[in-house]
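The values are calculated or read from the model by the stated rules, or taken from the named source; none is laboratory data. The structure presented is a predicted model; accordingly, all values stated were derived computationally and were not measured. Quick reminder, even Gly has a Cβ in these numbers, built from the backbone with ideal geometry, and neighbours come from all protein chains shown. For accessibility, only protein heavy atoms count, side chains too; no ligands or nucleic acids. Shrake-Rupley method; radii C 1.70, N 1.55, O 1.52, S 1.80 Å.
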Amino acid sequence: MAIIGGGTAASAAAIELGESGLDSIIIERRDDTGDKIGESLPPNARPLLEALGVDDDVEAGGHLRCFGNRSSWGSERVDHHDFITSPYGHGWHLDRRRFDLQLATRAVETGAQRWTTSAVKTYDRSASGWTLHVDRPGGAAHIEARHVIDATGRACWFARRQGAMRTTGDGTVALTCFLRADEPDPDTFTQIEAVPDGWWYTATLPAGRLAVAFVTDSDLLDRSRARTEHGLHDLLSTTEHTAERVHGNRYRLTAPARIVDASDGRLEQPHGDGWLAVGDAAVAFDPLSSHGILSAMVTGRSGARAVVDMFSADPSSADAPARYAAEVATAFGAYQTARRSYYLAERRWAGAPFWTRRHRPAADR
């Protein structure tokens, strides 16, 4: 099996394939360097980490324990949700690169190969599967695969080339950056704060760092200025609690901010003849849901299981990809209901474009 794309979903799929006795190869463009946004993992992720065989690594591997969430949403009041009531204990603020490497290492332990700084350029279809033509640092290579799993994120690189269509919601983007302080911040809560043009997320990370994201609509953001330190501080001036956290701990910007696609959406059909999509390639959620990493692990495992079942000798397993697609559609429908309810709870800036767009009836969006 060939898995195009890297990260959480790709590794989760490779682990499931390996534990089912199927070989796989992960082909990803990037290496294991650089920062990566997406850090918070709630307590209820623990059973999934155990199923993937990385729970001990995560517990011991340089991540920061998270003991709750706070939000300023819908009123001036700050609401706290303490994880002390969770049967699973604490959550985590992840060193995301370390976490993805822990999953990738586990995938290799279960039998997967992993090619980094490699890219599929072209491919051929045959009766027996696919031939992928890959550019690697040492030259061109060719891979024969019975099935392809698309883990290329919102780009859905392979699925789109098979004619798959992706539905999308609002044109949401996230301005993301990492700040650093000289002294570690003892506050390990995840924090959310609504503002007139969107909302802010902050989470403390190991080594005195703070992950910051401002979620808004693409047309509401001055991209060139937002990436600068002055632009970031101008945006922070619209906040109260986020600015207090940043300035109170003397956090400073250490690298230019980035702007990434944060829109939700899903493939209308996350599988086809000889391929299946997982992670954000299959279904992507608004960052407000905190579903990103969990969904990547869940769809990685369940998508790979559908592939395993499809190749089993049991005739009743032939519709496994269709069942997987139904699971994805059901999960996305439940998410859309919850998302709308949460955005409707914020009415302080009902006339502002960001909130007006999210308060419209779904049929008018």
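Set against the 2.2 N^0.38 Å expectation for a compact globular protein, segment 243-365 has a Cα radius of gyration ratio of 1.41. Asp100 sits among other residues whose Cβ lies under 9 Å from its own Cβ, and their net charge, with Lys and Arg +1 and Asp and Glu -1, is +3. Put simply, when 83-90, 9-16 are sorted by average Cβ atoms within 10 angstrom per residue, most first, you get 9-16, 83-90.
Counting only alpha carbon atoms, the long axis of helix 292-310 and the longest principal axis of the chain meet at about 10°.
Kindly report the accessible area of segment 24-171 per residue (heavy atoms of protein chains, probe 1.4 Å, no ligands, DNA or RNA), in Å². Show your work: numbers first, answer last.
On the way: 7250 Å² over 148 residues.
Averaged over the residues of segment 24-171, the accessible area is 49 Å².
How many percent of all Cα-Cα pairs in the chain sit more than 28 Å apart? Within the chain, distances greater than 28 Å cover 46 percent of Cα pairs.
Divide the volume of the convex hull of the Cα atoms of segment 222-307 by its number of residues and quote the answer in cubic angstrom per residue. Spell out each step's value before the answer.
On the way: hull volume 12.6 nm³, N = 86.
In segment 222-307, the Cα hull volume divided by residue count equals 147 Å³.
How big is the antiparallel share of DSSP beta bridges in segment 20-149, given as a percent to the nearest 5? Before the final figure, lay out each step's value.
Details: 24 of 27 bridges.
In segment 20-149, approximately 90 percent of DSSP beta bridges are antiparallel ones.
Protection proxy ranking of 142-154, 274-286, 97-109, by the mean of other Cβ atoms within 10 Å over each peptide's residues and highest first, is 274-286, 142-154, 97-109. Ignoring any ligand, DNA or RNA, what whole percent of the accessible area of the chain comes from carbon and sulfur when the probe is 1.4 angstrom? Summing carbon and sulfur atoms, their accessible area is 51 percent of the total for the chain.
Calculated FRET efficiency, Arg223 to Asp187, Cβ-Cβ distance, R0 = 22 Å: about 0.15 to the nearest 0.05. When its C-alpha radius of gyration is set against 2.2 N^0.38 Å (N residues), segment 1-134 gives a value of 1.29.
Across segment 55-65, rounded Karplus estimates of 3J(HN,Hα) from the backbone phi angles (6.51 cos²θ - 1.76 cosθ + 1.60, θ = phi - 60°) give 4, 5, 5, 5, 5, 9, x, x, 9, 9, 5 Hz, Gly and Pro being marked x.
A simple rule links phi to the HN-Hα coupling: the Karplus curve 6.51 cos²θ - 1.76 cosθ + 1.60 with θ = phi - 60°, which for segment 177-191 gives 7, 10, 10, 9, 10, 6, 10, x, 7, x, 7, 9, 7, 6, 10 Hz, with x for Gly and Pro. Across segment 262-270, coupling constants 3J(HN,Hα) worked out from phi with the 6.51/-1.76/1.60 Karplus curve, θ = phi - 60°, read 10, 6, 8, x, 8, 6, 4, 9, x Hz, and Gly and Pro carry x.
With both labels modelled 7 Å from their Cα along Cα-to-Cβ, the Ala51 to Asp31 distance reads 3.4 nm. Under 1.5 on a/c is rounded, so check that first for segment 1-49, then, if it is not, pick prolate when a/b is larger than b/c and oblate when it is not; a ≥ b ≥ c are the square roots of the alpha carbon gyration tensor eigenvalues. Here segment 1-49 falls in the oblate category.
Looking at segment 1-95, the DSSP beta bridges with both ends there are about 75 percent antiparallel.
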